[in-house]
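J.: One structure, as structure tokens, below. Some questions next.
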Amino acid sequence: MMNNKKSVIILSIFFIILFSAISAAQTPEEWPHPEDMEFDDVEVTLREADKHELENGLTVYLIEDRELPLVRGEAIIDAGNIYSPREKTGLAEITANLLRTGGTAGQPPEEIDKELEYLAAAVEFGAQDTMVTGSFSSLSDNKEEVIELFNDILRKPDFLPEKIELRRGIMEESIQRRADHPVQLAVYEFIKKMAADHPVGWFPTMESVNNIEREDIINFHERYYQPHKTSLAITGDFDADKMLHLLEETLGTWEPDEVEYPELPEFDPHPEAKVYHVQQPIQQSIIFIGHPSVKFDSTAFPPLNIANRILGGGDDNRLFRELRSKRGLAYAVGSQLTQGFEFPGYFYAYIMTGAENTGQVIELTLSEIEKIRQKEVTEQELTENRQAILNRAVYRYTSAEEIAFRQALVDFLDLDQDYYEKYIEQIQELDTQDIKNIAQKKLSPEQLIIMVVGDQNRFDKELNNFGEVENIELEF
């Protein structure tokens, strides 16, 4: 065996030398050095989906893609978690989950499972803050049967009582186990403080889940699940005209009704800045430091995104270098700038550290935030992070599925279709002074919320060194 390995290595080296010699011998002397070569700019043209509107107002985006014998659909429905009443938080979530698992049109869920398995297909639904998403995937030969089944699941759910109780039990168990996962617990409590009394900061509780009756689920579905509040992106191996005919015969018979949406409270962009502590007898501290930020389509987002990447969101960021590489104080460290659309996103730094380092880590994180506000970033930092964003942009929408869903989402969010292209243009035009300016304007030390989950008996410094402290009593 050893002799065979040596032979392979020797032959490999021989061929490398041989090919190098041949290449050198055949390279014309007049060829320029690679660094001196010039190339035309690469132009990326994004493919667009064909947009159609059914008679009932349902919007459809189609892209034929015959590469594989598959069809996939993704729906966006204006029936998200923000429409759940506070005393019944979790209603939108349980409704979306039960579409798939609660039976439909008199067909038990077990039969639906068998049918989908036989067709080698899948149908899924789930609720997010501002929308419900549904999807189906199928072999192209079975698309008619799967779309008909998707139509029944979406429009004619049975919400079987026993499945409601099963889903309720799953949600209650998840709620009870929050305290068993310190990171998850820190995220929940941090978002609740960041969003103040807005519905995006509400999470299901034992009481709210138990307040949900079957009649609530039926009424929620009837009220918010409407064709003219739904967008559907379909891609794959199909004929567009035939697909439109199939959709008119199925989802096109869905009768629309007027929707009265609840009046939501204003999102407070300046919640009370405090230090919040959740006492947990653990050896680590989980720390979040941040505040509400800007919307994704704001002109402030591109430079702020670069600032965030340099601080803690990029591949070689300052927080990682300072807290982990240089000092060895963090198990995990970084920062994020979330993409807010209907409501502002969040800027936050996150750190997992030993409890005995808690105060030092908070001080260092605050110091790094202040540094990026007071000093210009380097040209290298700007160039590397700008290039990382541009490189990802090239591959962001490479599939028909991504392109069609992007168009559906952009319309749903009421954004300009070219908003992402404008974002890229802004990224290309930024300089180091732009980054400093936006950091000074949009990273606000006086507005920072600090959330710490950990054992205060192990902390190296009192948390009141960083502001007024409020101890959180967990309520599930």
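J.: Could you check segment 374-385 and list, in sequence order, the residues that are outside any loop (DSSP other than H, G, I, E, B) and surrounded by 19 or more Cβ atoms within 10 Å (Cβ to Cβ)?
T.: In the first step, residues of segment 374-385 are kept if they are outside any loop (DSSP other than H, G, I, E, B); the result is 374, 379-385.
Correct list: Glu381, Leu382, Asn385.
J.: Separate question: Examine segment 128-148 for a residue that is free of Cβ contacts under 8 Å to residues at least 60 places away in the same chain and either outside the structural domain of Ser208 (by TED's automatic domain parsing) or within 30 Å of Val275 (Cα to Cα) (or both), and state whether such a residue exists.
T.: yes
J.: Within segment 146-185, restricting attention to residues that are at pLDDT below 95 and among the small types (Gly, Ala, Ser), which residue is nearest to the chain's Cα centre (by Cα)?
T.: Ser174
J.: Another question, if that's okay. Take segment 396-406 and flag every residue that is more than 22 Å from Gly313 (Cα to Cα) and surrounded by 13 or more Cβ atoms within 10 Å (Cβ to Cβ).
T.: Within segment 396-406, the subset more than 22 Å from Gly313 (Cα to Cα) is 398-406.
Listed by number, the residues that qualify are Ser399, Ala400, Glu401, Glu402, Ile403, Ala404, Phe405, Arg406.
Rundown of residues vs (1) surrounded by fewer than 16 Cβ atoms within 10 Å (Cβ to Cβ); (2) under 30 Å from Ala196 (Cβ atoms); (3) not assigned by TED's automatic domain parsing to the domain that holds Thr130, yes/no style:
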residue	(1), (2), (3)
Ile362	no, yes, yes
Glu368	no, yes, yes
Val394	yes, no, yes
Ala408	no, no, yes
Asp414	yes, yes, yes
Glu421	yes, no, yes
Lys441	yes, yes, yes
Ile449	no, yes, yes
Asn465	yes, yes, yes
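J.: Collect the residues in segment 119-134 that are part of a strand (DSSP E or B) and of a type in the set (Gly, Ala, Ser), keeping them in residue-number order. Spell out the reasoning first.
T.: To start, the set of residues in segment 119-134 that are part of a strand (DSSP E or B) comprises 122-127, 132-134.
Within segment 119-134, Ala122, Gly126, Ala127, Gly134 meet the criteria.
J.: I've got another one for you. Determine whether Glu189 is within 22 Å of Ile282 (Cα to Cα) and modelled with pLDDT of 95 or more.
T.: Details: within 22 Å of Ile282 (Cα to Cα): yes; modelled with pLDDT of 95 or more: yes.
Taking the combined requirement at face value, the residue satisfies it.
J.: Does segment 395-439 hold any residues that are out of contact with any Pro (no Cβ under 7 Å at 6 or more places or on another chain) and of a type in the set (Ser, Thr, Tyr), and which are they?
T.: Tyr395, Tyr397, Thr398, Ser399, Tyr419, Tyr420, Thr432
J.: Need a quick list: helices (runs of 4 or more DSSP H) entirely within segment 389-442 having at least 1 residues that are under 26 Å from Val377 (Cα atoms). I'd like the intermediate steps shown before the answer.
T.: Working: elements: 400-412, 419-429, 432-442.
Answer list for segment 389-442: 419-429, 432-442.
J.: Considering only residues that are hydrophobic (A, V, I, L, M, F, W, C) and over 30 Å from Gln447 (Cβ atoms), which ones fall in segment 196-219? Before the answer, list the steps.
T.: Taking segment 196-219 first, the residues hydrophobic (A, V, I, L, M, F, W, C) are 196, 200, 202-203, 206, 209, 212, 217-218.
Correct list: Met206, Val209, Ile212, Ile217, Ile218.
J.: Enumerate the pairs (first residue in segment 249-263 and on the phi > 0 side of the Ramachandran plot and exposed (fewer than 14 other Cβ atoms within 10 Å of the Cβ); second residue anywhere and of a type in the set (D, E, K, R) and part of a loop (DSSP other than H, G, I, E, B)) with beta-carbon separation below 9 Å, excluding pairs fewer than 6 apart on the same chain, so at least 6 apart or on different chains.
T.: Qualifying pairs under 9 Å: none.
The values are calculated or read from the model by the stated rules, or taken from the named source; none is laboratory data. Remember, it's a predicted structure, so these values are computed and weren't measured experimentally. Because the Cβ atoms are built from the backbone with ideal geometry, glycine has one as well, and the counts that use them run over all protein chains shown.
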